[in-house]
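The values are calculated or read from the model by the stated rules, or taken from the named source; none is laboratory data. These numbers come from a predicted model, not from an experiment. All Cβ positions, even for glycine, are placed from backbone atoms using ideal geometry, and neighbour counts span all protein chains on display. To get the accessible areas, we keep the full protein, side chains included, count just its heavy atoms, and leave off ligands, DNA and RNA. Shrake-Rupley method; radii C 1.70, N 1.55, O 1.52, S 1.80 Å.
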Amino acid sequence: MQTSASAYERHQLILEIVNRNGNVRVVELADQLEVSETTIRTDLETLHERGSLVRVRGGAIANPTPDDATAPAVNLSAKARKNGEEKQRIARWAAGLVEDNDVIMLDASSTVLHIAQFLHDRRNLTVFTNGITVAQQLAREASNTVIVIGGILRPDGNAITGEISKHLLQDYHVRTAFVSSSAFTPDEGFFERDMPEAQMKALMLKSAQRRVAMIDASKIGEVGLTSFATLADFDYFVTDEHIERSTIHRITSQGTQVIVCSARTNRTYKPNHGEDTTYTYRIGFANLSENTAFSRDVRRGLERAVEAHGQIELIVADNQLNPDVALTVADQLISQQVDLVIEYQIDEATGNLIAHNFQQAGIPVIAVDIPMVGGVYFGVNNYQAGKMAGVKLGSVIQRQWNGRVDAVIVMEQRRAGNLPAMRIQGQLDGLQEALPAVDLSDRVITVDSDNTSEQAYLAMQGVLKQIAPDARFAVICFNDDAAVGALYAAREAAMDRQMLLVGQGADRRLRNEMREANSPVVGATAYRPERYGEYLLQIALDILAGKQVPPALYMEHDFITPQNVDTFYPDER
């Protein structure tokens with residue numbers, strides 16, 4: 001295979017391999033087709049969206065054939081592909097509400113089926129569903145607990161309904177329920193064609209603290225056999241760009257928030273109880289990715305800050321860790337004539353091109369965590385944050401291992417540029433400072449972990465094969481996604497007891513790990529992404545008001561350890 005092969009040719013080869021073998025892995029395809037793993041992941045996502053294969057963690061599997069025992073799933077997948085692009089966008093936004101360790105409930109609709117593919121990086125979910133196909137997809141992640149509620153198997157084999165479920169659901173307290181419907185009108189509510197299915201959805205809504213309606217616009221204005229809910233039963237109404245503005249107003253006037261998902265951006269319309277909303281400014285937020293916990297927390301914090309302000313329209317987009325997507329998103333935000341952009345993307349070179357495009361359009365930019373020429377920087381004080389972690393790691397190595405460390409594994413992110421690389425250098429300098437008698441220079445193993453737990457997991461698997469089975473090794477990381485991936489790989493190889501690890505970010509996954517007995521996690525420097533939003537909005541308002549703003553502003557950092565995690569985050573207990 002030549003590296004110059006077109007995407008079409010590559011897709012045909014991928015399908016040939018997956019159909020022959022039944023499954024493929026990203027790392028193997030990248031090696032076989034001589035392209036980057038990022039390219040392969042993009043290819044697999046494209047083929048999944050087309051229905052040509054099924055994307056799973058680390059790779060993909062072949063679609064079941066009509067002769068398989070899972071043939072009904074193919075029928076549902078065909079239904080899910082109707083208005084598939086719109087349903088994909090709706091599901092991507094909805095998945096952003098879900099975090100590790102969440103308890104969620106999913107119905108058996110074709111729209112909600114799409115959400116499964118966007119949860120592949122979440123761990124330890126408890127999922128209640130009456131959908132057979134969505135249950136199968138989410139059960140592929142071993143840490144998830146999937147409970148199929150029911151009941152009586154429907155003739156199409158895709159869902160379970162019946163009175164048995166009613167008694168079970170009354171005892172459950174679910175954080176978020178995701179529900180679709182076959183038809184909807186603002187005045188009459190949500191409908192189903194099947195009465196038992198309608199009864200099941202009504203019970204799901206009663207069991208949940210937060211309720212999300214996922215409705216593509218083709219269903220709006222239609223009525224069905226039986227109603228199971230009204231707008232008052234939902235907190236969010238998530239739809240696509242084909243919804244009419246008059247319908248948005250009718251929904252928000254009844255107190256339900258509307259999210260409109262288009263190809264690259266999402267717009268939120270707050271409940272207005274019949275009042276017209278006048279915005280002072282329109283701010284665009286191009287987020288790093290909806291597939292990392294840290295960036296989801298940044299986005300949520302900004303949404304909370306904007307909601308508290310009340311006079312800002314926030315247009316949100318997902319850069320998907322992809323520089324080409326980030327460039328397209330920038331063009332979309334420019335075309336929507338935003339007053340200011342908050343840009344969070346990972347590629348330093350692409351970031352400077354994006355900054356140039358915004359400057360040409362006269363739009364000021366705030367750059368999050370990765371600097372951009374001409375933009376105001378906000379985020380991590382990288383060297384300081386890294387050194388805090390390195391010093392603490394060295395002190396624990398000195399105390400627990402008497403200063404002995406056989407290898408130091410560095411999980412870095414090369415494309416992020418020089419400034420984030422300083423947090424790695426800070427960790428190495430802090431580690432050496434705490435272990436002055438140890439020459440670390442010949443013990444460092446550096447690996448590119450990219451920016452996801454999945455990639456770090458695969459990279460760490462390769463590194464563990466290079467070190468002795470009884471070696472004591474320390475791990476320093478670019479971010480917590482890399483730390484989590486490295487931890488999972490070491491645990492799978494039964495080598496986590498000879499590892500000590502520090503993270504960067506202190507996200508909830510690493511905080512939960514710190515609470516476990518005998519955890520190999522020494523700690524993590526806290527960046528507090530959940531608080532980024534309040535700072536970012538204030539900086540944006542100062543810029544828009546013409547105030548003098550420093551070229552760089554930094555988040556305050558603390559080092560979170562198993563000993564102090566509950567002091568800093570008491571509400572998580």
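List the number of the failed condition for ALA517; all other conditions in (1) loosely packed, with under 13 Cβ neighbours inside 10 Å; (2) at pLDDT 95 or above; (3) of a type in the set (Gly, Ala, Ser) hold.
Among (1) loosely packed, with under 13 Cβ neighbours inside 10 Å; (2) at pLDDT 95 or above; (3) of a type in the set (Gly, Ala, Ser), ALA517 violates only (2).
Give the residue, chosen from ARG404, ARG414, ARG423, ARG443, that is at pLDDT 90 or above and under 25 Å from the mean Cα position of the chain (by Cα).
Criteria check complete, one pass: ARG423.
Could you say which residue among SER181, SER143 is open to solvent by less than 60 Å² (accessible area, probe 1.4 Å), modelled with pLDDT of 90 or more, assigned to a loop (DSSP other than H, G, I, E, B) and among the small types (Gly, Ala, Ser)?
Going through SER181, SER143 in turn, the sole match is SER181.
Given the conditions (1) open to solvent by 50 Å² or more (accessible area, probe 1.4 Å); (2) part of a helix (DSSP H, G or I), and given that PRO436 satisfies all but one, which numbered condition is not satisfied?
It is condition (2) that PRO436 fails.
In the set VAL373, VAL444, which member is of a type in the set (A, V, I, L, M), free of Cβ contacts under 8 Å to residues at least 24 places away in the same chain, on the phi < 0 side of the Ramachandran plot and open to solvent by 20 Å² or more (accessible area, probe 1.4 Å)?
On inspection, the qualifying residue turns out to be VAL373.
Being more than 16 Å from TRP93 (Cα to Cα), in contact with a Lys or Arg (Cβ under 8 Å, 6 or more places away or on another chain), open to solvent by 30 Å² or more (accessible area, probe 1.4 Å) and of a type in the set (S, T, N, Q), is that true of even one residue in region 273-280?
yes
Out of everything in region 379-391 that is out of contact with any helix residue (DSSP H, G or I) (no Cβ under 6 Å at 6 or more places or on another chain) and buried (at least 22 other Cβ atoms within 10 Å of the Cβ), what residue ends up being nearest to TYR488 (Cα to Cα)?
For region 379-391, the residue satisfying everything is MET388.
Taking into account only those residues within region 482-500 that are closer than 26 Å to THR42 by Cβ and touching a Lys or Arg at 6+ places or on another chain (Cβ under 9 Å), which is surrounded by the most Cβ atoms within 10 Å (Cβ to Cβ)?
ALA483
Quickly run through region 122-140 and pick out the residues that are part of a loop (DSSP other than H, G, I, E, B) and surrounded by 17 or more Cβ atoms within 10 Å (Cβ to Cβ).
Scanning region 122-140 gives ARG122, ARG123, LEU125, ASN130.
If only one of GLY462, GLY426, GLY403, GLY430 is in a loop (DSSP other than H, G, I, E, B) and either among the small types (Gly, Ala, Ser) or surrounded by 21 or more Cβ atoms within 10 Å (Cβ to Cβ) (or both), which one is it?
GLY403
Here are ALA540, ALA524: which of them is outside any strand (DSSP E or B) and surrounded by 17 or more Cβ atoms within 10 Å (Cβ to Cβ)?
ALA540
Name the single residue, out of those in region 221-238 being touching a residue at least 40 places away in the same chain (Cβ under 8 Å) and touching an Asp or Glu at 6+ places or on another chain (Cβ under 7 Å), that is surrounded by the most Cβ atoms within 10 Å (Cβ to Cβ).
Filtering region 221-238 for residues that are touching a residue at least 40 places away in the same chain (Cβ under 8 Å) and touching an Asp or Glu at 6+ places or on another chain (Cβ under 7 Å), the one surrounded by the most Cβ atoms within 10 Å (Cβ to Cβ) comes out as PHE228.
Do the conditions hold for ASP297, that is, is it surrounded by 20 or more Cβ atoms within 10 Å (Cβ to Cβ), of a type in the set (Asp, Glu) and under 29 Å from ASN319 (Cβ atoms)?
yes
For VAL408, are the conditions met, namely being over 19 Å from ILE370 (Cβ atoms) and not in a helix (DSSP H, G or I)?
yes
Under 9 Å between Cβ atoms, which residue pairs at least 6 apart in sequence (or on different chains) link something in region 13-40 that is among the basic types (Lys, Arg) with a partner that is open to solvent by less than 60 Å² (accessible area, probe 1.4 Å)?
Cβ pairs passing all conditions: ARG20/ALA62; ARG25/GLY58; ARG25/GLY59; ARG25/ALA60; ARG25/LEU458.
For region 184-216, which residues satisfy the criterion of being modelled with pLDDT of 90 or more, among the aliphatic types (A, V, I, L, M) and either assigned to a strand (DSSP E or B) or open to solvent by 20 Å² or more (accessible area, probe 1.4 Å) (or both)?
Within region 184-216, ALA202, ALA208, VAL212, ALA213, MET214 qualify.
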